[in-house]
């Protein structure tokens with residue numbers, strides 16, 4: 001497993017605090033759907049990287065009632081989405097922080113990506129946090145490489161189903177509410193933590209090696225069964241290519257509302273009702289989101305400059321699934337994509353795209369092409385061996401582009417510097433080879 005020294009993210013320096021590492025989040029949330037009111041208690045177990053006199057948590061527009069460190073009430077300030085806690089903690093010492101807060105959660109407004117985080121559906125809740133929406137619903141160290149385990153308990157009206165990361169380990173029904181308790185055992189980045197609330201039917205296909213779970217409105221049951229019907233085959237194909245699935249199960253949530261794009265979460269993907277068309281017209285996105293479980297969720301990026309490692313592999317997985325399922329070959333799709341990109345401006349550096357272009361479609365497609373160019377250079381046997389070793393060695397860890405370059409070089413008898421320089425560090429689109 002790979003870990004890296006956490007530093008302030010160069011793209012999003014306002015989020016995260018490198019002075020400590022969170023080991024575990026224990027979240028107890030009580031949400032009133034009609035009022036849109038959230039009462040929360042977050043108990044955070046962390047380790048100080050250096051001696052602390054104060055530290056910061058990222059938290060949105062809530063009223064913070066009190067903060068305790070190791071059970072003792074402490075002073076704090078909360079402004080501009082930063083909860084600054086006054087407490088002395090010795091270097092390398094484990095400590096706990098408890099935050100009690102209440103309010104009407106609202107998305108984090110961003111300059112480049114609109115509203116992120118906790119959002120309201122017509123009848124329920126959607127959480128879409130990538131990259132900095134997590135503070136919209138819980139206090140956290142909001143940095144992609146600061147991964148922790150989670151216990152997420154949500155109390156909501158009993159007419160609604162709550163779906164969160166990990167395994168459902170407990171459920172308690174009262175007169176009008178139900179409490180759902182989930183445990184995410186594998187380390188998870190804050191932006192991948194998720195809660196989905198809706199009037200959902202629930203299915204679990206547990207006859208495969210990896211249980212496949214689904215939550216969706218009753219009216220979409222037949223459409224879901226068809227359009228997501230090849231997920232078990234997809235899982236088998238991806239395990240063959242990428243190595244063992246890194247989590248205990250995989251869940252798909254389909255909201256009753258339309259969504260512009262699917263949403264990535266750890267062990268889970270969220271689609272809109274519009275992604276069910278009865279023709280598997282969005283199956284490439286089903287493949288893309290499943291592939292993120294290896295690339296982005298298990299093997300996570302050290303900071304947001306490395307985003308091509310997530311999106312390039314996920315986009316390439318669309319082409320791999322096409323070929324594996326009897327459609328066009330990955331090579332044919334890559335060459336068609338190359339021809340389209342060759343007509344566009346050559347102005348993106350893949351390994352450092354800038355904060356404005358982290359989620360640019362050009363990054364996704366050029367990232368997929370870079371992966372294909374590496375495959376062509378290595379050959380299939382060495383390429384897929386390299387990928388499986390990459391996901392195994394870095395399982396539940398954090399990586400950089402330099403880590404990947406060094407790893408790939410171990411699987412090549414020829415130097416790869418020219419290929420990586422051309423594809424990752426220059427703007428001009430190279431030939432595929």
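The values are calculated or read from the model by the stated rules, or taken from the named source; none is laboratory data. Computed from a predicted structure; not experimentally measured. Positions of Cβ are backbone-derived with ideal geometry, glycine not excepted, and every protein chain shown enters the neighbour counts.
Filtered by the rule that a residue be touching a residue at least 60 places away in the same chain (Cβ under 8 Å) and under 12 Å from residue 423 (Cβ atoms), the range 347-378 gives 348, 349, 350, 351, 366, 369, 370, 372, 373.
Here the condition is being modelled with pLDDT of 95 or more, over 18 Å from residue 267 (Cβ atoms) and under 16 Å from the mean Cα position of the chain (by Cα); of 187, 135, it holds for 135 alone.
Just one residue in the set 74, 163 is buried (at least 22 other Cβ atoms within 10 Å of the Cβ) and either modelled with pLDDT under 95 or farther than 30 Å from residue 353 by Cβ (or both); that residue is 163. Of the candidates 303, 233, 277, the single residue that is within 30 Å of residue 12 (Cα to Cα) and surrounded by fewer than 21 Cβ atoms within 10 Å (Cβ to Cβ) is 303.
Of the helices (runs of 4 or more DSSP H) lying entirely inside the range 335-433, those containing at least 3 residues that are out of contact with any helix residue (DSSP H, G or I) (no Cβ under 7 Å at 6 or more places or on another chain) and within 22 Å of residue 7 (Cβ to Cβ) span 401-409. Within the range 199-220, the set of residues being in a loop (DSSP other than H, G, I, E, B) and touching a residue at least 40 places away in the same chain (Cβ under 8 Å) comprises 199, 200, 210, 217. A single entry from 211, 157 fulfils the requirement of being in the same structural domain as residue 36 (by TED's automatic domain parsing) and in contact with a strand residue (DSSP E or B) (Cβ under 9 Å, 6 or more places away or on another chain): 157.
Considering 155, 179, the condition of being surrounded by fewer than 23 Cβ atoms within 10 Å (Cβ to Cβ), in contact (Cβ under 8 Å) with a residue 60 or more places away in the chain and assigned to a strand (DSSP E or B) is satisfied by 155 alone. Would you call residue 115 outside any loop (DSSP other than H, G, I, E, B) and within 17 Å of the chain's Cα centre (by Cα)? Taking the combined requirement at face value, the residue satisfies it.
Being within 15 Å of residue 433 (Cα to Cα) and either at pLDDT 95 or above or under 19 Å from the mean Cα position of the chain (by Cα) (or both) holds for only one residue in 357, 395, 340, 335, and it is 335. For residue 53, state whether it is in a strand (DSSP E or B), within 26 Å of residue 398 (Cβ to Cβ), free of Cβ contacts under 8 Å to residues at least 60 places away in the same chain and in contact with a strand residue (DSSP E or B) (Cβ under 7 Å, 6 or more places away or on another chain). So residue 53 fails the test. Every listed requirement among (1) outside any strand (DSSP E or B); (2) more than 23 Å from residue 289 (Cβ to Cβ) is met by residue 144 save one, (2). Scanning the range 6-49 for residues that are assigned to a loop (DSSP other than H, G, I, E, B) and either exposed (fewer than 15 other Cβ atoms within 10 Å of the Cβ) or without any contact (Cβ under 8 Å) to a residue 40 or more places away in the chain (or both) turns up 7, 8, 10, 13, 14, 19, 34, 35, 36. Listed by position, the strands (runs of 3 or more DSSP E) contained in the range 245-287 that have at least 3 residues being touching a strand residue (DSSP E or B) at 6+ places or on another chain (Cβ under 7 Å) and at pLDDT 95 or above are 250-254, 268-271. Restricting the first member to the range 223-244 and to residues that are within 18 Å of residue 204 (Cβ to Cβ), and the second to residues that are modelled with pLDDT under 95, the beta-carbon pairs closer than 7 Å and six or more apart or on different chains are 232/205; 232/208; 235/208.
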